[in-house]
1. Of all residues in region 75-99 being closer than 24 Å to residue 136 by Cα and part of a loop (DSSP other than H, G, I, E, B), which is most open to solvent (accessible area, probe 1.4 Å)?
2. In region 297-330, how many are within 32 Å of the chain's Cα centre (by Cα), modelled with pLDDT of 85 or more and among the aliphatic types (A, V, I, L, M)?
3. Can you tell me which residue among 441, 446 is open to solvent by less than 10 Å² (accessible area, probe 1.4 Å) and either over 21 Å from the mean Cα position of the chain (by Cα) or not small (Gly, Ala, Ser) (or both)?
4. Could you list, in sequence order, all residues of region 347-377 that are free of Cβ contacts under 8 Å to residues at least 12 places away in the same chain and of a type in the set (Val, Ile, Thr)?
5. Consider residue 126 carefully, then state whether it is modelled with pLDDT under 75, basic (Lys, Arg) and outside any helix (DSSP H, G or I).
6. Hey, could you check region 346-358 for residues that are over 18 Å from residue 235 (Cα atoms) and out of contact with any Ser or Thr (no Cβ under 8 Å at 6 or more places or on another chain) and say which is most open to solvent (accessible area, probe 1.4 Å)?
7. Taking the residues in region 413-426 that are farther than 17 Å from residue 495 by Cα and either assigned by the TED database to the domain that holds residue 581 or not β-branched (Val, Ile, Thr) (or both) as candidates, determine which candidate is most open to solvent (accessible area, probe 1.4 Å).
8. Please work out which one of (1) modelled with pLDDT of 90 or more; (2) surrounded by fewer than 24 Cβ atoms within 10 Å (Cβ to Cβ) is the condition residue 394 fails and give its number.
Amino acid sequence: MDSHLFDQDKKKTWKQTILLSFQIVGIVYGQLSTAPLYVFGTMRESDLAADQEVVYELFSFIFWTLTIISLLKYASIVLKADDEGQGGTVALYSLLCRNAKVGLLPCDTSANEVMLYEEKSSPKIKADSRARRAIEKHKICHYLILFLALFGSCMTIGDAVLTPALSVYSASAGVQRSLTDILKDIFGSSEHTKESVSKALKAYVPVPSACVILVGLFMLQHCGTRKIGIMFAPIIAAWLLFVAAVGTYNIFHWDVKIIYKISPFYIYRFITKIDIHRWRLLGSVILCVAGSEAMFAGLGHFSKKSIKITFICFIYPLLVLCYAGQAAYISKNLTSSDFNHLSQSMPGQCKHLYIVLSLLSSAVGSQATITACFSIINQCLALNCFPRVKVIHTSKSINGQIYIPDVNWLLMIFSLTVTIGFRDIVKIGNATALAIISGMLVTTSLMSLIIALYWEKDMMVSVYFLVCFGFIEAAYLSACLLQFHKGSWYLVVLLAVSMTVMLSWHYGSMKKYEFDLQNKVSTEWLIDISPGLGISRVPGIGFIYTEIVEGIPAFFSHFITNLPAFHQVLILVSFKSVPVPYIGESERYLIGRIGPKDYKIYRCIVRSGYCDHIRDTGDFEEKILRSIGEFISIEQNDIESRMSCPDERMMLVGDSRDDGNGLVPLEDLQSSSSSRMVQSQVNNESQISPVAEEAMESSSGCKKRKKVRFMLPHNSPKMQVSVRNELLELIDARESGSAYFLGQSHLVVRDGSNFLKRFLIMVYRFSEKNSREPPVALKIPHAALVEVGVVCTI
């Protein structure tokens, strides 16, 4: 029986891997697959037409670049450095935060969650080394590593802006050339007509058609990764098979010996004859690995096995055939017009099919960078390095598949701006190449640290990795910088904007957190001051949202000194991001009690990974109350699960069940029990609040409630009287209603502060004003929201 179940699971796993491999073709490898549209096309004809041997040397560069960077570096090495299934520069940064003390973010410095995390995930102690000690000791290393992570994220964003414009515009230009050739045959020998048609097509086909395709591409993003993958995968698969077949035809028709040109000897010969014109050609060569970074950044959407299998068995061999065929054609047609464009290497009978497939695949090819951009921004959000935006999860089974509407429309606007503004495939290609190689260099740098600090390999292995791959990528970077004045400057503008927003948001968040820490009041203050101020307790629950995990936030102390009253139950809620992708429900809630039991003041620390998204869930408040109910019921008995803090007792509370010792949602009970059982429980006045009976009667025709009612579990008569009474008070407070206290901190810069500080705070305030408001991000009803303003002078 067990072997049968094992075989079923194995078949299911392979079936899922095959399905993911199919979707990956359209999502992850779209950019790599459509790179032939613009690799040779972004090279200047004059640089290629000089010598046939240059084409052979560039083909050798393309083959070995694809092999060393895409196959060896990413598919074989970098994919192994996933952070529990997540990839990208932020995932590498989180690995370093956990395995070396380099964290600078507020979420990295909470003693409570670090202790909890180390108990769970670090059973073995990392070996001490000189490199680890040096990195942990020097603060400049911490800032440099964070800067690298944010810089790599900005490059991914820049790539998501430029790649759609490049691939779609190059396909549209190819369609224009193909249509021109077709119409020339139709109009015959009329030179004037041919010239007029050619000019008209050049003016009205490439840019308008590219803009239409781009708008359609970004409008499809709300469908989600799975649906887009199923729609796009057949297109990319058909495109790859088509260009590989045409490439094979061109190899045998034009130059069958092109296969021998992959020899590294041609690279050596290219370097020996190097000059500035030859060197800048390498800026176009690096475009052949465009999309390799997306293999890693989009890891959260798919599995490592499916990504690797698809690349090695399908993508890599077909791309080699395509580039070989195009190089064979170019080497024999150096005198033809537009000889370096893929559309010109198509046999006459294939041009119509090329027009259709190139337009469709160019739109699909941009999906990889868009998907990677969503993943990276979602990770930055959790680490307080990006303004608040709405994140929509498009899959119930795969957590990493997301859609961010605000970012999607901004990417569309910037891509349209690039297409309309440049109208030149060479300039757009130069900027794209710089974004690609810069992101790769960041990954190489962080990976060298991962090898030494996380994998704990010999230091020389880390150095070899950095030198070997870093040297190759630095060479390509220098070639891209030669084209800075010819398009690459636009990437620097994008980098400056995105990096300024990220750094200012991080800086402002840090300053707010430091202000809260410095101005918090002790829990004893709240207990001692209550009799003196004559503070009254009003019915209901007060949720106080704060970043600090100890003490009382300054805005709430300011509130009660001016209005001496608060609710009969107070819950201080703190969201803390832990540098892991996901936190299980059984380890998410850290519950504690503040002061004596009679005060009914609790603290709830909600721990989440950088890929979790818990604040937008409708049952979030219900989960907090159930966790507190579980805490109350086990507090007296479960001594071993307690942890001592300076002034509070905290306890890690698991995912409470209906048959547990805490509160039971009445909604769940109704769906799982017969009406007779429910009625008998209602008759027991000790188990349910009076208001709930009315709710049950009125909810039969209503599918959606405003809030979930609670009742005590079946074993409540066996509970201790104090525990039972406290749970009943929590139920009564819930029925009385809830209020939500949120501090609105306004950053103000002191007189005499330097320009950089003023500028960062100004950008932060602008981003905060135009980003998603906290009440919306927390799904707080505005009618029950109490915002307390606090001025933070820094």
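1. Going through the qualifying residues, I end up with 84.
2. 5
3. Values: 441 fails: open to solvent by less than 10 Å² (accessible area, probe 1.4 Å).
Matching residue, one of 441, 446: 446.
4. Selection gives 356 alone.
5. On the way: modelled with pLDDT under 75: yes; basic (Lys, Arg): yes; outside any helix (DSSP H, G or I): yes.
So residue 126 passes the test.
6. Kept after step one, since they are over 18 Å from residue 235 (Cα atoms), are these residues of region 346-358: 346-349.
Applying the additional criterion that residues be out of contact with any Ser or Thr (no Cβ under 8 Å at 6 or more places or on another chain) yields 347-349.
Numbers: 347: 17, 348: 53, 349: 145 Å².
Per the stated criteria, the residue is 349.
7. At the first step, the residues of region 413-426 found to be farther than 17 Å from residue 495 by Cα are 416, 419-426.
Narrowing further to those that are either assigned by the TED database to the domain that holds residue 581 or not β-branched (Val, Ile, Thr) (or both): 416, 421-424.
Working: 416: 35, 421: 60, 422: 37, 423: 129, 424: 50 Å².
Filtering first and then ranking leaves 423.
8. (1)
The values are calculated or read from the model by the stated rules, or taken from the named source; none is laboratory data. Since the model is a prediction, treat every value here as computed from it, not as a measurement. All Cβ positions, even for glycine, are placed from backbone atoms using ideal geometry, and neighbour counts span all protein chains on display. Side chains included, ligands, DNA and RNA excluded: accessible areas come from the protein's heavy atoms. Shrake-Rupley method; radii C 1.70, N 1.55, O 1.52, S 1.80 Å.
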